[in-house]
Amino acid sequence: MLTISNVNKTFNEGTVNEKIALRNINLHLAPGDFVTVIGSNGAGKSTLMNAISGGYIPDTGTIKIAEQMVTKWNEHNRASLIGRVFQDPMAGTAPNMTIEENLAIAYSRGKKRRLGLGVTSKKRALFQERLRMLDQGLENRLKTKVGFLSGGQRQALSLLMATFTNPKILLLDEHTAALDPKRAALIVDLTLKVVNENKLTTLMVTHNMEQALNMGNRLLMLHDGSIILDIPQEKKSQMTTNDLLRAFEEARGGEKLTEDRYILA
Amino acid sequence: MNFAIVSAIEQGLLFAIMVLGVYLTFRILDFPDLTVDGSFALGGAIAATLIIDGMNPFLATLIAMAGGAIAGTFTGLLTTKGKINGLLAGILVMISLYSINLRIMGKKSNLPLLREETLYSKTQALSIPDITFGGITWLTGEAIIFLVMVLLIKFLIDWFLHTDLGLDIRATGDNSRMIRSFGANTDTTTIIGLALSNALVAVSGAFIAQYQGFADVGMGIGMIVVGLASVIIGEVLFGAKSIMRVTLAVVLGSVVYRLVIAFALQAGLEATDMKLITAFLVILALVLPNIMKRALKMGKTVKGG
Ligand SMILES: Nc1ncnc2c1ncn2[C@@H]1O[C@H](COP(=O)(O)OP(=O)(O)O)[C@@H](O)[C@H]1O
Ligand SMILES: [Mg+2]
């Protein structure tokens, strides 16, 4: 479903601020794969997501999604294939537009937008049905501006919008990191539900090791622009967070993962 | 006095089309577009020149509208494809238009339309009765036609902003990263928004030229500030809850603005002071909410502490 070959990305090449963000990344995801991604701050996780979504064009290498070579596609062209949820709950929705208008935008992903009405009564019924799944009572607030919702509600809506049209690839970039534990747990549950129901091929960055081990069928660890660990389901299901830390040390030849923000428990 | 009010209402309605255009860029696209000063005069210049050449005034006004759309497209291209800062892109097109408008007007800075058949003279020829009440004329027959036309444009904009394309344009101003992740080309939506806005501005300029009986190369100077003042006055007085509400509010804001100016003139201020007063109104409207917020906060900390 997703094939990344020999992707490199360097920021500010040739200046004192030069930063190699991705080093020769090779990655293949089969349809329905749910891959969790961990790695310290600055490891290149977000850059990898942006390379896939078209936010950054890689310096070298190719990206293939659903048998289409998309390396040279713009971000908005790739959007027909990719659903995305960002870390910032404010990033995935338009605050001054209503819930139903936001959903109408999600609904028209991959379609030509012309002069048909964005929200029709037929679409409205569909929106209500899908909103009910979030269990937030949003199905009765279609005409509320999204800016009035809480961070958790906005992130739930972002997730619904990102997956509304079953994209070929779902990219989640620390999408629970900005939420309090209770709301984060709710979004995790929703994520599992949506991904499993629709068998979405998913790449999920998280800073929560337990999440990384418990969710999905494969785990990647990024460090300094490289994939240093690629753990398959059989191994992953046996591992504890301590095993994961040890695996990191081994892969790094003794270097310890010193990162306060990692949630181990 | 009554005459001043009546003509303020007429003017307010014609300028309201320009204000709707400014609303589209300033509020919907979140793009302060200075092209407006140039495209307003462009509309007047094109319409006046073509009418003097003997063209049907309706057609001349339509061509003026197309001219405005092209001007807006240029600003859009400069800022999206050329990556020029939005304010600067607008200024560059505005300044270019000053030369272009003079060329269109055959190097004359003023084109009188005195004996020409214009949309205004056609409107007058309809002789629609004035609305008088209590011995005072409130709306002239012409103003009724203007009102119907402006409301028609308002409803068209309302409709457009609720289509799929309209939602994309609104989201471009609201959260451009989000709308790109759903497949909209924000360069295209920005250009469409700017083209539409300046088309409206040019139509307004064409109407004003026909209404006042001349086009002048300087007729657009300060127009963006008038537009902003009207948008802000409208929103403050009449609310901005929904698109339909706010488009009506800015139309009314345009009329209120003209009434304020009429009263200021009545009170003895010079016509040449009006730009200063307008700028002052905008500054006040932009600064007051911040001051009020700070005052509220201070009040709270004083009580709390
Ligand atoms: N637009 C950019 N310009 C310059 N450097 C960048 C840019 N984006 C990311 N980087 C750098 O690339 C490295 C990887 O960043 P990122 O992918 O955001 O890390 P992560 O998401 O794993 O924390 C970091 O060192 C970061 O500073
Ligand atoms: Mg990141």
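Quick notes
- Net charge dipole size for chain A [Lys, Arg +1 and Asp, Glu -1 on Cβ; Debye, nearest 20]: 1340
- Distance between the 7 Å Cα→Cβ label points at B:Val236 and B:Ala267: 1.4 nm.
- Helix-derived mean residue ellipticity, 222 nm - over chain B, DSSP H n ≥ 4, -39500 (n - 2.57), to 500: -25000 deg cm²/dmol
- Efficiency of FRET from Cβ geometry, A:Glu249 and A:Arg114, R₀ 60 Å, rounded to 0.05: 0.60
- Relative intensity of region B:2-220 on a log10 scale, I(q)/I(0) at q = 0.10, 0.17 Å⁻¹, equals -0.46, -1.11, per a Debye sum over C-alpha point scatterers of equal strength in the absence of solvent.
- Summary of packing: across the peptides B:275-284, B:2-11, the per-residue average of other C-beta atoms within 10 Å ranks them, highest first, as B:2-11, B:275-284.
- Charging the Cβ of each Asp and Glu at -1 and of each Lys and Arg at +1, and nothing else, the dipole of chain B about its Cα centre rounds to 1060 debye.
- Annotation: amide H-H contacts under 5 Å for A:Gly39 (H modelled 1.01 Å from N, sequence separation of 5 or more, or interchain): A:Leu222.
- Peptides A:144-157, B:134-147, B:205-218, ordered by how many other C-beta atoms sit within 10 Å of their residues on average, highest first, read B:205-218, A:144-157, B:134-147.
- Working note: Debye formula, equal point scatterers on the alpha-carbon atoms of chain A, no solvent; log10 I(q)/I(0) at q = 0.13 Å⁻¹ is -0.87.
- Between the listed residues B:Tyr211, A:Gly14, B:Trp159, the Cα displaced farthest toward the positive end of the dipole of the protein assembly as shown, a dipole computed from Cβ unit charges relative to the Cα centre, is found at B:Trp159.
- Virtual spin-label span in nm between A:Leu192 and B:Asp53, 7 Å along Cα→Cβ: 7.2
- Shielding by partners for peptide A:73-81, expressed as the average number of C-beta atoms from other protein chains within 10 Å of each residue's C-beta, is 4.
- B:Phe280-B:Trp159 FRET efficiency (beta carbon distance; Förster radius 35 Å; 0.05 resolution): 0.45
- Working from label points 7 Å from Cα in the Cα-to-Cβ sense, the A:Asn214 to A:Lys19 distance is 3.2 nm.
Rule-based calculations on the coordinates, nothing more; no lab input. Everything numeric in this text was worked out from a predicted model, so none of it was measured. Counting neighbours? That spans all protein chains shown, and the Cβs are built from the backbone with ideal geometry, glycine included.
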